[in-house]
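As structure tokens, the structure follows; a few thoughts come after it.
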Amino acid sequence: VTRVEPHRSGVRVFTRRGVVHASTVIVATGYATPEFRPLAGRFAMHRTYVMATAPLTRRQRADIGLGPVMLWDTERPYHYARWTSDHRLLLGGEDRLVKPGASRRAAFTRATTALRAHFCRLLPALHDVSFEHAWEGLFAMTPDTLPLVGTHRRYPRHLFALGYGGNGMTFGYLAATQLLEQWRGKRSPDHDLFAFNRPRRC
């Protein structure tokens, strides 16, 4: 989609191959893209980080001592660890607020160093394990950490699902359920928890 325009009783959705006419358009981009710049002030952008070991031998896995589980702590920033099907250990978390003008490379180095150090304290055998990959992701979060789902007065023909934070799979499913209900005209008290006009809680 290259742009969306209001049109009579609906919207026109423009793509490179043609135009789609609809009564409503759903915008589920996770954060306010440039097309919806007036909404951007509702979000703070964060980066999250992940590291992956090389595939580990049975002996290495035994030395680490982590069974077939996923660990996720409640610290801020949080940390998690889980195994992949090819016996790599994924370490993730260390979310950081994106600071304008700050060096992205330096932030990446600090975060991944802190991530590895955290898990080396928890699982000392990781000191001797090599990591093959490290990457980052960008996501938006609202001040109260809940997503924004539903309509906005500025865009009457739109339904939004924005600000999933670090819980995109859970909130993505919840948003899809609520948007389907709203499109069908069904109202629920749950919709108010995620509405754009909800009271600011923090």
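The values are calculated or read from the model by the stated rules, or taken from the named source; none is laboratory data. On a predicted model such as this, the values are computed, not experimentally measured, just so you know. Using ideal geometry, Cβ is built from the backbone for each residue, glycine included, and neighbour counts are taken over all protein chains shown. With ligands, DNA and RNA removed, areas are computed over all heavy atoms of the protein, side chains included. Shrake-Rupley method; radii C 1.70, N 1.55, O 1.52, S 1.80 Å.
Below is a table of values for the structure above.
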read-out: Fully extended contour minus Cα-Cα distance, from GLU35 to ARG153, at 0.36 nm per residue; value: 40.9 nm
read-out: The stretch 124-169, accessible surface, carbon-and-sulfur percent (1.4 angstrom probe); value: 54
read-out: Rg(Cα) / (2.2 N^0.38 Å) computed for the stretch 25-99, rounded to two decimals; value: 1.56
read-out: Value at 222 nm in deg cm²/dmol, rounded to 500, when DSSP H runs of n ≥ 4 in the chain each add -39,500 (n - 2.57); value: -7000 deg cm²/dmol
read-out: Accessible area expressed per residue, the stretch 56-138, with surrounding protein chains retained (probe 1.4 Å, Å²); value: 65
read-out: Burial order of peptide ranges 87-96, 59-68 (average beta-carbon count within 10 Å, highest first); value: 87-96, 59-68
read-out: Neighbourhood charge, 12 Å Cβ-Cβ cut-off, centred on HIS21 and excluding it, Lys, Arg +1 and Asp, Glu -1; value: +2
read-out: The stretch 135-202: mean projected area of Cα convex hull, nm²; value: 5.3
read-out: Helix axis angle, 104-122 relative to the chain longest principal axis, alpha carbon, degrees; value: 50
read-out: Using alpha-carbon coordinates, inclination of helix 168-183 to the longest axis of the chain, degrees; value: 20
read-out: Global size of the chain as Cα Rg and Dmax, reported in angstrom; value: 20.8, 67
read-out: Cut-off 10 Å between beta-carbons: net charge of the residues surrounding HIS191, Lys and Arg +1, Asp and Glu -1; value: 0
read-out: Charge context of LEU159, other residues only, Cβ under 12 angstrom, K/R +1, D/E -1; value: +1
read-out: Ranked order, TRP135, TRP183 - accessible area, probe 1.4 Å, largest first; value: TRP183, TRP135
read-out: Inverse mean reciprocal Cα-Cα distance (Kirkwood Rh) of the stretch 67-176, Å; value: 16.4
